[in-house]
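The values are calculated or read from the model by the stated rules, or taken from the named source; none is laboratory data. Here the structure is a predicted model, which is why all the values come from computation and not from measurement. All Cβ positions, glycine included, derive from the backbone under ideal geometry; neighbour counts span all protein chains shown. Note: accessible area is taken over every heavy atom of the protein model, side chains too, but ligands, DNA and RNA are not part of it. Shrake-Rupley method; radii C 1.70, N 1.55, O 1.52, S 1.80 Å.
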Amino acid sequence: MSIALLERIGRFTSTYLVVWVLLGSALALYAPSAFVPIGDYISPLLGVVMLGMGLTLTLEDFRRIAERPRDVFVGAAAQWTVMPLLAYALVAGLGVPWELGIGLVLVGAAPGGTASNVMTYLGRGDVALSVTITSVTSVAAPIVMPAWIVVLAGESITVTFAAMASEIVLIVLLPIVAGLGLRYLLERTAPSVARVGLSVFPAISALTIVVIVAAIVALNVGEIRAASAIVVLAVVVHNGLGLVGGYGVGSLAGMPAERSRACAFEVGLQNSGLAAALAVAFFDPLAALIPALFSVWHNVSGSVLATLFTRVDDTDARRYEPTVAND
C-alpha cells in the first residue's frame, strides 16, 4: 500500500469524521452492550488521540508562539474564559441539575481538541494558528482545567486540584510530548517510517474518537434517550455561543478572516473526550452525558460552519472572477 494511498485514506477519514461519529453513536444507541466495556479504556484511548496530535506537531509549531504571541494569546485567553463562564452561566440560568451540569463545566474548562484543527482546515482557516492554540491550551490544561473546576464548583466537589492535574498530565501532556519526540526521532533516523506514521495516524485518531464517543453514548444510553430539552439546549447554546464568541473575539482583535475562523473553532470546539474521561474518573458516569452529547453535536455544528465558510469563499471568488467579453 503506497504512502499516497494512506494519505488519501487519512484525509477521507478525517474529512468525514462527523459521519463516523454519527454512525458510531447510532450503533451505540442500538446495541450499547457492545460498547459499554470500552468505557474502562476511555482515558488510554484519549491518550492515543493526543499521541496522534503530538505526531502532527514539530518544534516549528512552537516557534510560532514566539513569532505570533498576540494572536495565540488572544485565542487561548478566549478559550480559557469564554467557555467556562458560559457553561457556568447556562447551568445556573437553565437550572440544569448539578450532577449533569458539572459535565458542561468540564466541557467548558477543557482545552481545544483535534476536531478544532480538522474543522479549521476544512473551513479554510489558519491551521498553524489553530494547532498552536490547541497545543498551548492542552499543555496548560493540567493547571487551567482543575483551577476552573475548583473555582466554579467550589465545595460541591471532592476532587482535588492535584488529582485532576495528574490525570490530565497522563492523558494529555505526556502523549503529546511523546508524539512530538517520536516524530523528531523518526524524521532523523527513519524518514520513510515517519511519513507512513503521519499518513496513517489521522485515520487512527479519527476512528479512536468515534470509539470514545460510542463508548460514552453506550454508558449513558438511558439518559441520552430520556435527555430533557433543557440539557440538549444547554449543549447547543454553549457550542453555538462559543463559535460566535470565538469569531467575534478574533475580529475585534483585528485578525484577518482566516485567523478569526481558527479562533471560532478553537473556542467553540472543546476536547469533550477529555471532559468525559474526567467525568467518569472523578464524578459519575451521569456527568459524562453532556460531554457525550457535546462530542456528537460539535462535530455536526463544526462541519456545518466549515462548509459555510468554504461556500462564502467560493461565492466571493466567483463574484470577483474577471469576466471575458465576447466580441
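Details
- Probe 1.4 Å, protein heavy atoms only - accessible area per residue of the range 1-152 in square angstrom: 42 Å²
- Computed with a 1.4 Å probe over protein heavy atoms only, the accessible surface of the range 191-236 comes to 41 Å² per residue.
- The range 1-150 - Rg (one decimal) and Dmax (whole number), Cα, Å: 17.7, 54
- When the square roots of the Cα gyration tensor eigenvalues are ordered a ≥ b ≥ c, the ratio a/c for the range 232-293 is 1.5 or more and a/b exceeds b/c, which makes its shape prolate.
- Taking the Cα centre of the chain as origin and assigning +1 to Lys and Arg Cβ atoms and -1 to Asp and Glu Cβ atoms, the resulting dipole is close to 400 debye.
- Just the protein heavy atoms count here, and of the accessible area of the range 122-269 at 1.4 Å, carbon and sulfur take up 71 percent.
- Karplus 3J(HN,Hα) series, Hz, for the range 19-30 with 6.51 cos²θ - 1.76 cosθ + 1.60 (x for Gly, Pro): 5, 5, 4, 5, 5, x, 5, 5, 5, 5, 5, 7
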